[in-house]
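Below: one structure, written as structure tokens.
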Amino acid sequence: MTWGLWESYMLPGIWITIQVTVYSAALAAAVSFVVGILRSSPLWIVRFLSGAYFEIFRGASALVFMFWLFFALPIAFGWQLVPMWAGVLALGLTYGAYGSEVVRGALAAVSPAQREAGIALSFTRMQRLRRIELPQAWPEMVPPFNNLAIELLKGTALVSVISVADMTFAANLIRFTTNESAPIYTLLLVMYFVLAFLITRGMRLVERKAKAGIGQAPPPGGGLLGGLRRRTKTADPVTGTAGAGTPGGNQ
Amino acid sequence: MSADTPRENATTSTAADGRELIRFDKVTKRFGDHVVLDQLEFSVSAGKHVTLIGPSGSGKTTILRLLMTLLRPDEGVITVDGDHLTHEEKGGRLVPAGEKHTREVRKKIGMVFQQFNLFPNMKVLRNITEAPVHVLGMGKDEAEQQARELLEKVGLTEHIDKYPSQLSGGQQQRVAIARALAMSPKVLLLDEVTSALDPELVAGVLDVLRDIAHTTDITMLVVTHEMNFARDISDDVLMFNEGKVIESGPPEKIFNDPDHERTREFLGAIL
Amino acid sequence: MNWNWDVVDDFMPRFWDGVLVTLQALVLGSLLAFTLGLVWAIAQRSSKAWVRMPVTAVTEFIRNTPLLVQLFFLFYVVPEWGPAMSPLMTGVIGLGLHYSTYTAEVYRAGIDGVPKGQWEAATALSLPPVRTWTAVILPQAIRRVVPALGNYVIAMLKDSPLIAIIGAFEMLGEARAYGSETFRFLEPITVVGIAFIVIAYPASLLIRALERRLVR
């Protein structure tokens, strides 16, 4: 691989991968909070609809959905999405469904005594959510969000299939040009791993801050070889269920 | 508030010697088949300190939770300071109250919990100012000024900038008392406020409550197992058994010379 | 909206071909993931660092990099050194290898969940390590992990369309091929999308029921 190929394909590809990750993470976060909060609504119809969203997008395949947005949507409704936005939409909506389970689980884990204390001080439901329940649930959400963000980063490779020129797309082009596959794919895997590592570092800072914000001791550092994943008691981002670290939630 | 009732004149809480602040009218509460409160009738006059005693499961805590609207009664009406707590009048008929009405009435009631239930995500000062600012619409400076005064009263001024997790149980409970008082409630509910504390921390909390009982005109409804404390602060003691008040009267009478066999048994077991 | 049921009818035979390939990939991939995952989990508990460390490093690397790129690697790089594999075979190995790094974590948690006393009792009875694993630890661990493994089978189902990209004609591959031949994309892709939800939802209900029965 020459510098020319690297400069003209791979560097812009890295930038596109980062953009797709950031945009779809932002969309997924918004969906996570909205759907996660609605899933604990006192109104059954709201719970039902938000629960249906979760079940449908948990069952859907991100790649099929992306194909549908890219190939079928223009035919069905005449809306032609820019490829990158089709990718962001598919990833954001899918991973947002998993994220809603993180938010719902963390809110459910806030002690009922806290809700009662909020009622005793005459806070409204929205005030309790905003001032008491969400701030307390937030530190619990960070580790599963970390895992989810890594899954999302891995998922961004799919956008190459709908011709978004991300890192994977660039690697395919380079393989095509140079006819050498081993070095470029090895390098590509390493780059994804490095990005996942950076996400974990960043999220650990967020967690440290979040815990300090409610007067808890910061989490252990974990060290360089501590692994990128955090073992979590709440939702698992791959299956959308209780974490793999604890089969059945607990024993 | 009408706190001009001389304490010596206190007889029973149902006597009409003060304005009636809390009234339970034929209140029944069931959990499944289990009847916790059975057609309960009692009332508390303004400024009185009433202690509820009785074996566990006799319905004392249920009364506090009903007043806090953490539970709803199955039958009967609860009135607080002339307003129905769980019902409102619409077109001359009593209908179950909406959230807004309930919250308005509930603002007159403050509660201190067994487990303190301070908000761990807020420092001491904000625990106390949060509700006055966002529920009562008090100005931030005014709320902070009030919080400082309350913290001085409970002897915790130097801890104003700490998180609850950095305080001892007794200190947390005193913050919780300040937090409840910051809403200027007419009634203060105390739900076994010392049961979760290490024995050496109990006295500090009880001293604070004694001070409040003797220096303010706030009405108190107390569930406790601290009989000395109950004797000290109560105007009236209500003895509960199986969801009913079986005996009531001033503490001297109930503790020294109860009429009811069940009361004697209960006091004998815990004193 | 120009939905045409005739197109659906026309696509259905190829859809069923695709379902067959999807199921093959899923069953074989799951078997591989279950077996390899167990190997990783036991290796990670080894007392020998030269076994534990490389296995941990490799599984960690595979788990944190995209399945799609791993499929490209298997499809384009591996044949340079060894035998060429069919797209389906490559897909099975890719799915199985990728998900084995997740099932390894499931097994790990299941094994950790077996009380310490069981290990001590096995030691007290002087059971050899193989007996300890096969007769004492694994039977207790597996029971707990069945629902969690099931959830990963569903996750694998949703990732199975990725093998279409290296040319295996599972459901999505058939839909894409049909689309590029007839220029009708709407119906085949919609059918396939719904098929995934229709398979995944009852499956996840089943696993939740299983979870209640096995884990308590």
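The values are calculated or read from the model by the stated rules, or taken from the named source; none is laboratory data. Keep in mind the model is a prediction, meaning the values are calculated, not measured. Glycine also receives a Cβ, built like all others from the backbone with ideal geometry; neighbour counts cover every protein chain displayed. Protein only, heavy atoms only, side chains kept; ligands, DNA and RNA dropped before computing areas. Shrake-Rupley method; radii C 1.70, N 1.55, O 1.52, S 1.80 Å.
If you average 1/r over every pair of different alpha-carbon atoms in chain C and take one over that average, what Kirkwood value in Å do you get?
Computed over Cα pairs of chain C, the Kirkwood hydrodynamic radius comes out at 19.3 Å.
Tell me, what is the FRET efficiency for C:V51 and A:W6 to the nearest 0.05, using R0 = 41 angstrom and their Cβ-Cβ distance as r?
0.65
Which far-off residues, 5 or more places away or on another chain, put their amide H under 5 Å from the one on B:L21, with H placed in the peptide plane?
Those lying under 5 Å, H to H, from B:L21 are B:V44, B:S45, B:A46.
Could you name the lysines in cross-link range of C:K116, using Cα to Cα under 24 Å and dropping any fewer than eight places away on the same chain?
A:K233, C:K48
Pop a pseudo-label 7 angstrom from the Cα along the beta-carbon direction at both C:A203 and A:V22 and give the gap in nm to one decimal.
3.6 nm
Below 8 Å between Cα atoms, with a sequence gap of 6+, how large is the relative contact order for chain A in percent?
After rounding, I find 25 percent.
From the phi angles alone, apply the Karplus equation (6.51, -1.76, 1.60; θ = phi - 60°) to segment C:145-154 and give each ³J(HN,Hα) in whole Hz, x where the residue is Gly or Pro.
8, 3, x, 5, 4, x, 4, 6, 5, 5
Residues of segment C:1-17 that become at least 50 Å² less accessible with every protein chain present than in their own chain isolated, using 1.4 Å: which are they?
Buried by the other chains: C:M1.
Please compute the per residue accessible area over segment C:5-215 with all protein chains in place, 1.4 Å probe, rounded to a whole number of Å².
44 Å²
How long are the semi-axes of the equivalent ellipsoid of segment C:110-174, defined as square roots of 5 times the Cα gyration tensor eigenvalues? Whole Å, largest first.
Each semi-axis is the square root of five times an eigenvalue, giving 41, 12, 7 Å.
Leaving out same-chain residues fewer than 8 places away, which lysines sit with a Cα under 24 Å from that of B:K123?
In chain and number order, the partners are A:K209, A:K211, B:K107, B:K140, B:K153, B:K162.
Report the C-A buried area as the accessible area lost on both sides summed, probe 1.4 Å, in Å² to the nearest 100.
Buried surface at the C/A interface: approximately 4600 Å².
Report the relative contact order of segment C:5-215, percent, no decimals, based on alpha-carbon pairs under 8 angstrom and at least 6 residues apart. Intermediate values should be presented prior to the final figure.
Details: 228 pairs, mean separation 65.6, N = 211.
For segment C:5-215, the relative contact order is 31 percent.
Aspartates and glutamates within cross-link reach of B:K253: Cα-Cα under 12 Å, excluding same-chain residues under 8 positions apart?
Once the sequence-local aspartates and glutamates are set aside, what remains near B:K253 is B:D235, B:D236.
How long, wide and thick is segment A:3-242, going by the Cα atoms along their three principal axes, in whole angstroms, largest first?
Sorted largest first, the three principal extents are 70, 50, 24 Å.
Where the accessible area of the protein assembly as shown is counted over protein heavy atoms with a 1.4 Å probe, how much of it, in %, is carbon and sulfur?
61 percent
For chain A, what is the mean residue ellipticity at 222 nm derived from helices alone (per DSSP H run of n ≥ 4: -39500 (n - 2.57); sum divided by total residues; nearest 500 deg cm²/dmol)? Display every interim value, and only then the final one.
Working: 9 runs with 156 residues, N = 251.
So the calculated ellipticity at 222 nm is -21000 deg cm²/dmol.
Once a ≥ b ≥ c are taken as the square roots of the eigenvalues of the Cα gyration tensor of chain B, is the result rounded (a/c under 1.5), prolate (a/b larger than b/c) or oblate (a/b not larger than b/c)? Before the final figure, lay out each step's value.
Details: a/c = 1.63, a/b = 1.21, b/c = 1.35.
Verdict is oblate for chain B.
Give, in whole angstrom and from largest to smallest, the semi-axes √(5λ) of the equivalent ellipsoid of segment C:121-216, with λ running over the eigenvalues of the Cα gyration tensor. Provide the component values of the computation, followed by the final result.
Working: eigenvalues 379, 57, 6 Å².
Its equivalent ellipsoid spans semi-axes of 44, 17, 5 Å.
I need the calculated FRET efficiency for the pair B:D259 and A:V206, taking r as the beta carbon distance and R₀ as 56 Å, to the nearest 0.05.
The formula returns an efficiency of 0.30 here.
Report, in degrees rounded to the nearest 10, the 0 to 90 angle that the Cα long axis of helix A:134-155 makes with the longest principal axis of chain A.
20 degrees
Quick one: which residues, 5+ away or cross-chain, put their amide H under 5 Å from the amide H of B:M111? H built at 1.01 Å from N.
Amide H neighbours of B:M111, under 5 Å, 5+ apart: B:L189.
How big is the charge dipole of segment A:3-242 about its Cα centre, in debye rounded to the nearest 20, if each Lys and Arg gets +1 on its Cβ and each Asp and Glu gets -1 on its Cβ? Please report the intermediate quantities before stating the final value.
Details: 20 positive and 11 negative charges, 182 e Å.
Charge dipole, segment A:3-242, about its Cα centre: 880 debye, nearest 20.
Checking a compactness column here: for the protein assembly as shown, what do you get for Rg(Cα) / (2.2 N^0.38 Å), N being the number of residues?
The reported ratio for this selection is 1.20.
For the pair B:E158 and B:T28, what calculated FRET efficiency results from E = 1/(1 + (r/R0)^6), where r is the Cβ-Cβ distance and R0 = 35 Å, to the nearest 0.05?
0.15
Pop out the ³J(HN,Hα) list for segment B:187-200 in order, Karplus 6.51 cos²θ - 1.76 cosθ + 1.60 with θ = phi - 60°, rounded to Hz; leave Gly and Pro as x.
Running phi through 6.51 cos²θ - 1.76 cosθ + 1.60 with θ = phi - 60° gives 10, 10, 9, 10, 9, 6, 5, 10, 5, 8, 9, 5, x, 6 Hz.
Against the longest alpha carbon principal axis of chain A, how many degrees, from 0 to 90 and to the nearest 10, is the axis of helix A:182-212 turned?
Long axis of A:182-212 versus the principal axis of chain A: about 20 degrees.
Using only the alpha-carbon atoms, how far is helix C:5-44 inclined from the longest principal axis of chain C? Give it as 0 to 90 degrees, nearest 10.
20 degrees
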